[in-house]
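For reference, the structure is listed below as structure tokens.
Every number here is computed from the coordinates shown, using simple stated rules; none is lab data. Not measured: the values here are computed from a predicted model. Using ideal geometry, Cβ is built from the backbone for each residue, glycine included, and neighbour counts are taken over all protein chains shown.
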Amino acid sequence: MHPDFPLPDVRWEPTREFWAAAGRRALSIPRCTACARRVWYPATSCRFCGGGTLTWTEVSGRGRLFSWSVVRHAWIPQVADRLPFVTGLVALEEDPAVRLVTFVVDCEPDALRCDMPVRVVFRPLRYPGVEREVLAPMFAPDAGVDRVVPS
Ligand SMILES: [Zn+2]
């Protein structure tokens, strides 16, 4: 466990570029240069074709809510002040098989629906007793998608 737990370890090589991109308010996912598939969770080779060159590539940040969970109990004391909160799996627009574990924000838990359009937002992760913070991708409802236009 690193000293700033529960912040993510932004220097850990496999996800270092993910967090560096988030710091620039970009969402970046490794992509295989041989078959062009996106590979998530980051790996040293492509699980589809075995290619060994993966390039971090920005994605739109649009996706759909695949699943979620409303957290009402603090499993560690550092999250007690943010209860309740929502963790979710978001399927990316570019490849719905790529699903990110994330926080879902700016939405009442009862309003969440399977497959609802969401978009990335970047918010600081802060925890009591930890001086640093990390800008992290989270997802919020995307009101601009599937909006019913009155006739
Ligand atoms: Zn590949």
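Can you give the local net charge around Trp56? Use residues other than it whose beta-carbon is closer than 11 angstrom to its beta-carbon, Lys and Arg +1, Asp and Glu -1. Summing Lys/Arg as +1 and Asp/Glu as -1 gives +1.
Say a paramagnetic label sat at a point 7 Å from the Cα of Arg16, along Cα to Cβ; which residues of the stretch 46-67 have their backbone N under 14 Å from it? Output list for this probe position: 56. Based on DSSP H segments of at least four residues, each scored -39500 (n - 2.57), the chain has a per-residue ellipticity at 222 nm of -2000 deg cm²/dmol.
Divide the volume of the convex hull around the Cα atoms of the stretch 46-117 by the residue count and you get 133 Å³ per residue.
Taking 4.7 Å between C-beta atoms as the pairing limit, the chain has these partnerless cysteines: Cys107, Cys114. As a rough footprinting exposure proxy, the listed residues Leu112, Leu65 were ranked by other beta carbons within 10 Å of their own, and the order from fewest upward is Leu112, Leu65.
In terms of surrounding Cβ atoms within a 10 Å radius of their Cβ, Asp115, Asp95 rank from fewest to most as Asp115, Asp95. Taking the number of Cβ atoms within 10 Å of each Cβ as an exposure proxy, the fewest-first ranking of Val118, Val104 is Val104, Val118. Determine the shape class of the stretch 7-151: with a ≥ b ≥ c the square roots of the Cα gyration tensor eigenvalues, call it rounded for a/c under 1.5, and otherwise prolate if a/b is greater than b/c, oblate otherwise. It comes out oblate by the Cα gyration axes. Of the peptides 71-84, 31-44, the order by per-residue mean of other Cβ atoms within 10 Å, starting with the highest, comes out as 31-44, 71-84. A simple spin-label model places the labels of Ile76 and Arg25 2.8 nm from each other, with each point 7 Å out along Cα-to-Cβ.
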